[in-house]
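Here the structure comes first, spelled out in structure tokens, and everything after it is commentary.
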Amino acid sequence: MNGIELPKRKALGKGLESLLPRVRASVEESAVPKAAEGVPREIPLGEIDRNPYQTRTRFDEAQLGELAGSIVATGVVQPVLVRALADGRFQLIAGERRWLASKIAGKTTIPAILRQVSDQQAMEMTIVENLQRTDLNPMEQARAYDRLSRDFKLTQEQMAQRTGKDRTSVANFLRLLRLPAEVQAKVEAGELSFGHARALLALENPESVLKAAQKVSALSMSVRQTESYVQGMLNPEKRKGEEKVKRPLDPNVREARDLLQRALGLKVSIEDKNGRGRVIIEYSRLEDFDAILERLAE
């Protein structure tokens, strides 16, 4: 306008802020001067409160110690994200690991960027920040999606859009909340994986799920083994039939089978139980069938 070229707005890229639209905060705008928003500033650690919407409940102590050592040596490279509260304090939106590690490192302040966001936006940004950096364990993700659904009435499709997941993944995580509390604890502790948990969900009876989970954990079953075990529980008759087929043959029966196979040149199976059973001769050509008849007629 009037020959004056306005400066171009800096692109946000594909980080947190490009995924989630900014909204007005529930606090008064005067709490965060516009000039300060987006500009890193040092804020006392004691004036920052933990985010009540934090989805991560477990932090690796060794990793926190390593991060604290790095902060002692080089400082906090990436500022945390906070919002101002009505009482003059601040609340974390993203960067809790850096905040905790700074405390361990003995720091008194931390570089932070102020943002005006609502409760919903703060929670969404926290979830996305965690998913983008270090994966939450399956139960933490399940509870996070459940909270988005209950507290903010988001559909599975909306949650998928917010977090960059597909709707089926969101639905699968939410299904984990149907597991008994003891099994959820095993998943959260890493004793059972997401794949194990999904396989166990096929058993709808809580007692059956718990019993199966204990056996899977005790025997260190793979996901594939767990799926087979669960299918055996769901179809016991089929499982018995398979076990029957796999039962080792009596040595005398095995010798008779081998003798018939050599004589006929065809595959022979003998099913024997206490001296009773059947002999199965397999053929793939009509000529083989005729040869069997000739042998039997001799």
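The values are calculated or read from the model by the stated rules, or taken from the named source; none is laboratory data. Note that this is a predicted model, so its numbers are computed, not measured. For neighbour counting, all protein chains shown are included, and Cβ atoms are generated from backbone atoms with ideal geometry for every residue, glycine included.
Structure values in brief
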item	result
Residue in segment 18-31 that is over 28 Å from GLY106 (Cβ atoms), assigned by TED's automatic domain parsing to the domain that holds LEU100 and at pLDDT 70 or above present	no
Filtered residue count, segment 166-177, keeping only those that are charged (D, E, K, R) and either touching a residue at least 24 places away in the same chain (Cβ under 8 Å) or assigned to a helix (DSSP H, G or I) (or both)	2
Given (1) more than 29 Å from LEU67 (Cα to Cα); (2) in a helix (DSSP H, G or I), index of the condition ALA185 fails	(1)
Residue match in segment 147-161 (condition: touching a Leu at 6+ places or on another chain (Cβ under 6 Å), at pLDDT below 95 and in a helix (DSSP H, G or I))	yes
Condition check for GLY277: part of a strand (DSSP E or B), modelled with pLDDT under 85, over 33 Å from the mean Cα position of the chain (by Cα) and more than 30 Å from LYS186 (Cβ to Cβ)	yes
Conditions (1) at pLDDT 95 or above; (2) touching an Asp or Glu at 6+ places or on another chain (Cβ under 6 Å); (3) of a type outside the set (A, V, I, L, M, F, W, C); number of the one not met by SER217	(1)
All positions within segment 47-64 that are at pLDDT 90 or above and exposed (fewer than 15 other Cβ atoms within 10 Å of the Cβ)	GLU47, ASP49
Exclusive hit being surrounded by 16 or more Cβ atoms within 10 Å (Cβ to Cβ), touching a strand residue (DSSP E or B) at 6+ places or on another chain (Cβ under 9 Å) and not assigned by TED's automatic domain parsing to the domain that holds PRO206, set ALA122, ALA105	ALA122
